[in-house]
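Since the structure comes first, as structure tokens, the remarks are kept for the end.
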Amino acid sequence: CGAQVLQVFDSWAGHMDDERYNVFCAPYQKQVVASIKSHSPKTPIIIYMAPGEYSRHGRRLGLLAQTGADIVSVDHTVDTGVARTILPDSIGIQGNLDPQLLRDGPLEAVESRTIAILDQMAGRRHIMNLGHGILADTPEEHAAFFVSTVQNYKQRRQEE
């Protein structure tokens with residue numbers, strides 16, 4: 001209905017052991033992505049698995065890449081450099097600033113971490129985002145600062 005991109009959330013997949021994941025998650029992730037693609041083949045699909053004890057350190061990123069999604073969203077517990085090595089170049093990456101860092105600051109740390117993520121993703125299809133949802137008590141000024149940091153990144157790098 002006009003969406004430019006769709007994101008599929010699997011909130012429990014990171015909490016399932018391998019056996020349960022292979023039975024209750026992987027087949028349905030693929031089915032959902034395939035169904036969306038059959039109705040809207042040009043709409044990019046992002047898939048996201050909330051962090052859990054079985055998805056630490058990017059352990060399931062390769063499986064998410066096998067769903068047929070165009071982009072894998074990486075939670076804040078996974079280093080983006082690690083994600084780059086696990087995911088094939090054909091798969092984009094979304095993420096992954098820690099939402100607690102955004103909420104608590106300081107802003108210098110938000111800026112430093114945001115730039116570090118953007119630097120790690122240079123040359124790779126990447127959507128800068130949080131590594132999970134924004135926390136309700138995040139100051140609006142912090143969110144605005146984060147957005148501004150991302151928007152000004154390219155110009156800052158050209159000036160350096």
When the charge dipole of the range 35-89 is computed with +1 on Lys and Arg Cβ and -1 on Asp and Glu Cβ about the Cα centre, the Cα farthest towards its positive end, among S55, A83, I45, belongs to I45
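Could you rank the peptides 71-78, 5-12 by their average count of other C-beta atoms within 10 Å per residue, with the highest value first?
Details: 71-78: 23.4, 5-12: 15.1.
Highest to lowest by the protection proxy: 71-78, 5-12.
Which of the peptides 36-43, 13-20 is most tightly packed, and how do the rest follow, judged by the mean count of other Cβ atoms within 10 Å per residue? All intermediate terms of the calculation are to be shown ahead of the outcome.
Working: 36-43: 11.1, 13-20: 15.5.
For the peptides 36-43, 13-20, the packing ranking is 13-20, 36-43.
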Full-extension gain in nm, I115 to Q66, via 0.36 nm per residue minus C-alpha separation | 14.7 nm
Given charges at beta-carbon only (K, R positive; D, E negative), |dipole| of the range 1-82 in Debye | 280 debye
Three-way shape call for the range 1-96 based on the alpha-carbon gyration tensor, with the a/c threshold at 1.5 = oblate
Mind giving me the nanometre distance, one decimal, between the label points for A3 and S38, set 7 Å out from Cα along Cα→Cβ?
-> 1.7 nm
Estimated inter-spin distance, D89 and D104, nm [label 7 Å along Cα→Cβ] = 3.9 nm
Where only protein heavy atoms count, and the probe is 1.4 Å, what is the accessible area per residue for the chain in Å²?
-> 56 Å²
E108: accessible area at probe 1.4 Å, nearest 10 Å²?
-> 130 Å²
May I ask for log10 I(q)/I(0) of the range 68-119 at q = 0.21, 0.31 Å⁻¹, from a Debye sum over the Cα atoms as equal point scatterers with solvent left out?
-> -0.75, -1.23
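Give me the extension gain from S11 to A122: residue separation times 0.36 nm, minus the current Cα-Cα distance, reported in nm with one decimal. The partial results should precede the final answer.
On the way: separation 111, 0.36 × 111 = 39.96 nm, distance 2.84 nm.
Gain in length upon complete extension: 37.1 nm.
Below 8 Å, C-alpha to C-alpha, sequence gap of six or more: please give me the relative contact order for the range 1-120 in percent. It would help to have the intermediate numbers written out before the result.
On the way: 166 pairs, mean separation 27.1, N = 120.
After rounding, I find 23 percent.
Would you list the membrane-span-like helices of the chain, meaning whole DSSP H runs whose alpha-carbon atoms span at least 15 Å along their axis and whose mean Kyte-Doolittle value is at least -0.5?
Values: long enough: 26-39 (20 Å, -0.43); 107-120 (20 Å, 0.31); 140-159 (28 Å, -1.29).
Helices passing the filter in the chain: 26-39, 107-120.
Quick check for me: using +1 on Lys/Arg Cβ and -1 on Asp/Glu Cβ, what's the dipole size of the range 2-160 about its Cα centre, in debye to the nearest 20? Don't skip to the answer; put the middle values down first.
Values: 15 positive and 19 negative charges, 145 e Å.
Rounded to the nearest 20 debye, it is 700 debye.
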Which aspartates and glutamates does K154 reach when only Cα atoms under 14 Å apart count, and residues fewer than 8 places away in its own chain are ignored?
-> E111, D119
Calculate how large, on average over all directions, the projected area of the Cα convex hull of the chain is; give the answer in nm² to one decimal.
-> 10.2 nm²
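The values are calculated or read from the model by the stated rules, or taken from the named source; none is laboratory data. The structure displayed is predicted, hence computed values, not measured ones. Heads up, the Cβs are rebuilt from the backbone with ideal geometry, glycines too, and the neighbour counts pull from every protein chain shown. Keep in mind that these areas ignore ligands, DNA and RNA; they rest on the heavy atoms of the full protein, side chains included. Shrake-Rupley method; radii C 1.70, N 1.55, O 1.52, S 1.80 Å.
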